[in-house]
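Coordinate-derived values only; no laboratory data. This structure is a prediction, so every number in the text was calculated from the model and none was measured. Cβ atoms come from the backbone with ideal geometry, glycine included; neighbour counts cover every protein chain shown.
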Amino acid sequence: MININNVRFVNLTSHAIIISTERGEMVIPPSGIMARAEHRWNHIGYFSNTPAYLYTVSKRNVIFYDTKGRMDEPPQVPGTYYIVSAQVLEILYHNGGFRYDFIAQATGRIEATRKENGKIDTVPGFYRLI
């Protein structure tokens, strides 16, 4: 969690998020609470004697959890934004559980930078669905 100009950002992903602007970089560490699309692995057979699995993601359910297990969706708190993955944001939006306080990294912006392995390094900000 980090506070900027009386706005609180709570990172519900498993990794730190680095915001990069003309004023410099800001790191938002993981909060210890995660928001994930519900999913499961299904064994579908073998490929050259190697087990093959199909990863199925629910377009209906988002699971919130911490080290103790599942928990309820975080409460709406004025001045607080919850950072989730783009996938989680889409699921929340399309299932009628849309809340203005869920946001995702603006990874599609030209200002976003990537590491050599292609993973996101920094983003210029966030987006939300309306």
Identify, among 30, 47, 106, the residue whose Cα sits farthest towards the positive end of the charge dipole of region 2-127, taking +1 on the Cβ of Lys and Arg and -1 on the Cβ of Asp and Glu, with the dipole about the Cα centre. 47
Between residue 73 and residue 116, Cβ-based FRET efficiency (R0 30 Å, step 0.05) works out to 0.25
Return the whole-Å distance between the Cα centroid of region 41-105 and the Cα centroid of region 1-39. 16
If you wrap a convex hull around the C-alpha atoms of region 2-127 and split its volume per residue, what is the figure in Å³? 147
Would you calculate the separation in nanometres between label points at residue 41 and residue 86, each defined as 7 Å from the Cα along the Cα-to-beta-carbon direction? 2.5
